[in-house]
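Read through the structure below, which is laid out as structure tokens, and then see the notes.
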Amino acid sequence: MPRITFVEADGRTTEADGVVGQSVMAVAVASGIEAILAECGGACACGTCHCHVDAAWIDRLSPPSETEAAMIECVVDPRQESRLTCQIRLTDALDGLVLHVPATQY
Amino acid sequence: MPAQAAPFRFDPLSAEFAADPYAVYARMRALDGLFPFPELGMLLVTRQRDVAAIVADIRLPRMPAGILDADELERRQRQDNFHDMPNHARFVQFSMLNSDGAVHDRLRRQVFRMFTPALIAGQRAAIEAYVSRLISDLAGAGEVDFVADLAVHVPGHVIGHLLGVPDADCPMLRRWSESIVQYFDVDRSAERKALAEATAAEFADYLRALKADRLRVPKDDLVTRLVEAERAGEMSEDEFISTAMLILMAGHGSTIDVLGSGMHALLRFPEEMERLRADPALMPTAVQEMFRFESPLPFFDRYAAEEVEVGGTLYPRGTRFGLLYGAANRDGEQFADPDRFDVGRTPNRHLAFGGGAHFCLGNHLARLDMDIIFSTLFRTFRRIELVEAPLYKRSLSVRGPMALKLRLEAA
């Protein structure tokens, strides 16, 4: 069970266990991370599950698809380490992943 | 289609349903399985968890092409009374909304950048100026119809402006939109059918002329972008027409409806209206709650491309599911005290904008329109009272008051 740490804008930290194959967004919503709105439910269609991946982890994720990259250009405060969490599928290799949740999605 | 009988009679066009669909939805949610609706050859899904799972599941596309064979598609086309309407078929039945997978994604890619929160926020000043004018015109009126005198004038004007149609044409585009959208409702009479087809043809001609204008003189608007996309080979002319038409229609009547029902909700829960007046920072959650409380497009459908499980039961490939967002958004399993209108509700994971790949493209624009209208009303009028209880439209696929008579007292 890969464990993820969400660091919210106010510094609150939540550790949550996910299941391999599950999206990081689904883990966030199930863990009560309210700043992950995920309005479209995980289709890369709304850009409201945006996070900044911790610098130590960004190179361990496969790069975003063309669609995700285009959506990321439209989020608040897009950065090199921006990802839409609905597009990150949990694997055992992601055990320990740290994500910084922005204060707002729009 | 499963042959089982409905556990009780469901008449979505009845006066009783229009007056209180939520009592019917509550009965449907309480049933063990889904609710059979043979009139449209579908099973109705009412629980939030089930609806949310279906909209986000790529095994459940919008369209049956590729799932049903040609004979069955033809039979359903007739069952829906969508046959023998060539322009409607080309420009309305086919659209970004009514497509899936690669075609849908290609069309959405051409337009989504025009609807991002940052770009929409850039429209604020222009919308505020327009709404302020409309509302100051109401100031001396005393009694007004919130729907006819205010709400109907805003969303079409704003979308038309974004698209690039002249302001003077917006009222005509609203009538066209209504004639076309109306035909998606349960009532598919011959008269409505002829009107929808004739309007689709007229609308297409209008958009061809607009395209010719932009080819001559490009502007900074969505039509110009679409014309450029067509020239770059990203879309066909039919897709250009269909996409422009969809953008004009999709959020138009629905925003008018939720403005009306949202205003009505504030009047039914006066302590919530006072709370919002006292704390304008609640406006974003208040607007979301309006969408949850009276979802303006409460019904869409999906097809099972393979055998799928919904609520613990397996359904075969080809099953058509009618998703009742209006029912899901009052599900007590997801929302505490679901029949209470709470302007501060957080989180509010409602489904009024649908979900999955088709998640409402214009949601930020609709919310901005509403934010500006209610904020301006509160600043302009110190008291807003209901003159008479409104009647809601008799419909399954749209929800909103036909009129909303208010008495306004200037601040």
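The values are calculated or read from the model by the stated rules, or taken from the named source; none is laboratory data. Please read these numbers as outputs of a predicted model, since none were measured by experiment. Every residue, glycine as well, gets a Cβ built from its backbone with ideal geometry; the counts of neighbours run over all protein chains shown. Just so you know, the surface numbers come from the protein's heavy atoms only, side chains and all, with ligands and any DNA or RNA stripped out. Shrake-Rupley method; radii C 1.70, N 1.55, O 1.52, S 1.80 Å.
If the Cβ limit is 8 Å and pairs must be 6+ apart or interchain, which residue in the range B:204-220 that is touching a residue at least 60 places away in the same chain (Cβ under 8 Å) pairs with which residue that is charged (D, E, K, R) and open to solvent by 60 Å² or more (accessible area, probe 1.4 Å)?
B:Ala204/B:Arg90
Filter the range A:41-77 for residues that are of a type in the set (Ser, Thr, Tyr), in contact (Cβ under 8 Å) with a residue 12 or more places away in the chain and open to solvent by 20 Å² or more (accessible area, probe 1.4 Å); which is farthest from the other protein chains (Cβ to nearest Cβ)?
For the range A:41-77, the residue satisfying everything is A:Ser65.
Taking into account only those residues within the range B:117-168 that are more than 29 Å from B:Arg382 (Cα to Cα) and open to solvent by 50 Å² or more (accessible area, probe 1.4 Å), which is farthest from the other protein chains (Cβ to nearest Cβ)?
B:Ala168
Which count do you get for residues in the range B:123-181 that are assigned to a helix (DSSP H, G or I) and over 26 Å from B:Glu197 (Cβ atoms)?
27
Within the set of pairs 6 or more residues apart or between chains, which connect a residue that is facing another protein chain (nearest Cβ under 10 Å) and part of a helix (DSSP H, G or I) inside the range B:102-116 to a residue that is among the polar types (S, T, N, Q) and surrounded by fewer than 19 Cβ atoms within 10 Å (Cβ to Cβ) with Cβ atoms less than 8 Å apart?
Hits for this filter: B:Asp105/A:Thr67; B:Arg109/A:Thr67.
Can you tell me which of B:Asp80, B:Asp57 is open to solvent by less than 70 Å² (accessible area, probe 1.4 Å), acidic (Asp, Glu) and in contact with a strand residue (DSSP E or B) (Cβ under 9 Å, 6 or more places away or on another chain)?
The conditions single out B:Asp57.
Going by the conditions given, is B:Leu368 among the hydrophobic types (A, V, I, L, M, F, W, C), in a helix (DSSP H, G or I) and within 14 Å of chain A (Cβ to nearest Cβ)?
yes
For B:Asp257, which of the numbered conditions (1) closer than 19 Å to B:Leu43 by Cβ; (2) outside any loop (DSSP other than H, G, I, E, B) fails to hold?
(1)
If B:Pro64 passes every condition in (1) touching a Phe, Trp or Tyr at 6+ places or on another chain (Cβ under 8 Å); (2) farther than 26 Å from B:Ala198 by Cβ; (3) at pLDDT 95 or above but one, which one does it miss?
Result: B:Pro64 passes all but (3).
With the range B:1-88 as the region, which helices (runs of 4 or more DSSP H) entirely inside it contain at least 2 residues that are out of contact with any Pro (no Cβ under 9 Å at 6 or more places or on another chain) and β-branched (Val, Ile, Thr)?
B:48-55
Taking B:Phe378 as the residue in question, decide whether it is at pLDDT 95 or above and crowded, with 21+ Cβ neighbours inside 10 Å.
Judged against the criteria, B:Phe378 is not a match.
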